[in-house]
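Note sheet for the following structure.
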Amino acid sequence: MKAKQYRTVRIPKRNAKLTNKKLIQRKSNYPGPRSSLHNSSTRLLHIPSPQLAHCQRWILNNILYTQTISKWATAYAPGRSIRGNVEPHVKSRYFLCMDLANFFGSITFGKVASIFEYINYSTEVARLLTELCTVDNHLPQGGPSSAAISNLVMKPIDVSFEKLCAHGSGISYTRYADDMTFSSTSRSALRTLIPQIDSTVGSHGLAINWAKFHLVGPRRRCLVRGLVKNSSANQFGIGKRTKRLMRTIMYAAAQNQFVNPKFNSIASIEGWLAYLSSVDYQSYVQMYSYWQKLGQRFSNANILTIKRIEQGCEIRV
């Protein structure tokens, strides 16, 4: 019987010392968790040391990015975007939105090792790669390779959800990291789906974060990945609230007064405009025009030098 042929991996010389198990497990590879504020909640980030981060990026570019993720995954991969996450839902009236509890912390050493073994690495090599990509027996949020690994872990769940939505029910599904969105023109169709979603997620050792679970319809403001569903048109955009807030911030910034810590420079507002051009171009044109008028009014040369982004240009966000 012919022996199974495994893939091999050559660790770059710069990271060769990290293949020593004792060095991999050193706490100094993760100097300490950092807190990050995201949507009014605190996230604990584990940022690897520069040497380990370089090694994880090598794994990301040379191994993980060569694998196919599901078409419903719209984050953490070249060519995937927030716009791609919301577009399948533009014709829907009801939205079932949720995320997963302790997502990265629930992706254990064993789950990650299984991914590398599935790619056809031997058990020994798979364990080494997993050692390089995990900390304290789980996937660290903040590691360069973590997000791509999470997409591969979620792939069978995405496939299961495709089957749930494929029975002529008119349900659309997309996932951005662990944020999952189901939508339909029928509220009852989505309600019927809830027990099956819960069962599918649980069968893979994960759990729904019920605190962020919500089913909304046309009478309530629907927010998907920071974009608001326009109830009178088949499109998502930043919404009136965000426009009003940003006009206030931009008006002050044009006079070199920064009233919001998130937007503390002209460059940060320019970055927001670039993001806006990629998710809501109609609003981008309006806000860019307003920004330029402020530049003229207050003779701010830093604003006037910002060039307009043409629709369709690829912007990394």
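Quick rundown of the values:
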item	result
Near pairs, Cβ below 6 angstrom, 6+ apart or cross-chain, from the range 212-226 (more than 18 Å from Lys240 (Cβ to Cβ)) to any residue that is assigned to a loop (DSSP other than H, G, I, E, B) and at pLDDT 95 or above	Lys212/Asp99
Positions within the range 114-137 being within 14 Å of Val153 (Cβ to Cβ) and open to solvent by 20 Å² or more (accessible area, probe 1.4 Å), in sequence order	Ser114, Ile115, Glu117, Tyr118
Residue match in the range 252-261 (condition: of a type in the set (Phe, Trp, Tyr), modelled with pLDDT of 90 or more and out of contact with any Ser or Thr (no Cβ under 9 Å at 6 or more places or on another chain))	no
Selected residue [without any contact (Cβ under 8 Å) to a residue 60 or more places away in the chain, exposed (fewer than 12 other Cβ atoms within 10 Å of the Cβ) and assigned to a helix (DSSP H, G or I)] from Ser277, Ser299, Ser283, Ser289	Ser289
Residue within the range 168-176 that is of a type in the set (Val, Ile, Thr), touching a residue at least 24 places away in the same chain (Cβ under 8 Å) and touching a Ser or Thr at 6+ places or on another chain (Cβ under 8 Å) present	yes
Residues of the range 221-255 that turn out to be of a type in the set (D, E, K, R) and surrounded by 14 or more Cβ atoms within 10 Å (Cβ to Cβ), as a count	4
Extreme residue, least open to solvent (accessible area, probe 1.4 Å), among residues of the range 138-153 that are over 14 Å from Ile115 (Cβ atoms) and in contact with a strand residue (DSSP E or B) (Cβ under 6 Å, 6 or more places away or on another chain)	Pro140
Condition check for Ser188: farther than 16 Å from Val86 by Cα and hydroxyl-bearing (Ser, Thr, Tyr)	yes
Some residue of the range 173-188 being touching a Lys or Arg at 6+ places or on another chain (Cβ under 6 Å) and aromatic (Phe, Trp, Tyr)	yes
Thr185 vs. criteria touching a residue at least 40 places away in the same chain (Cβ under 8 Å) and open to solvent by 20 Å² or more (accessible area, probe 1.4 Å)	yes
Selection count where residues are in contact with a Ser or Thr (Cβ under 6 Å, 6 or more places away or on another chain) and assigned to a loop (DSSP other than H, G, I, E, B), scope the range 78-106	3
Every residue from the range 96-117 that is within 21 Å of Val228 (Cα to Cα) and either at pLDDT below 95 or among the aliphatic types (A, V, I, L, M) (or both)	Leu96, Met98
Listing of strands (runs of 3 or more DSSP E) fully contained in the range 165-273 that carry 3 or more residues being under 21 Å from the mean Cα position of the chain (by Cα)	172-176, 179-184, 227-229
Hits in the range 302-314 - residues which are surrounded by 15 or more Cβ atoms within 10 Å (Cβ to Cβ) and either hydroxyl-bearing (Ser, Thr, Tyr) or not in a helix (DSSP H, G or I) (or both)	Ile306, Ile309
Qualifying position, being at pLDDT below 65, surrounded by 11 or more Cβ atoms within 10 Å (Cβ to Cβ), among the aliphatic types (A, V, I, L, M) and not in a loop (DSSP other than H, G, I, E, B), among Leu18, Leu60, Leu44	Leu18
Cβ-Cβ under 6 Å pairs, at least 6 apart or on other chains, the range 94-121 side on the phi < 0 side of the Ramachandran plot, far side open to solvent by 40 Å² or more (accessible area, probe 1.4 Å) and part of a helix (DSSP H, G or I)	Tyr94/Arg187; Asp99/Lys212; Ala113/Arg127
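The values are calculated or read from the model by the stated rules, or taken from the named source; none is laboratory data. Only a predicted model underlies this, so the values are computations on that prediction, with no experimental measurement involved. Because the Cβ atoms are built from the backbone with ideal geometry, glycine has one as well, and the counts that use them run over all protein chains shown. Quick note on the areas: whole protein, heavy atoms, side chains included, nothing else; ligands and nucleic acids left out. Shrake-Rupley method; radii C 1.70, N 1.55, O 1.52, S 1.80 Å.
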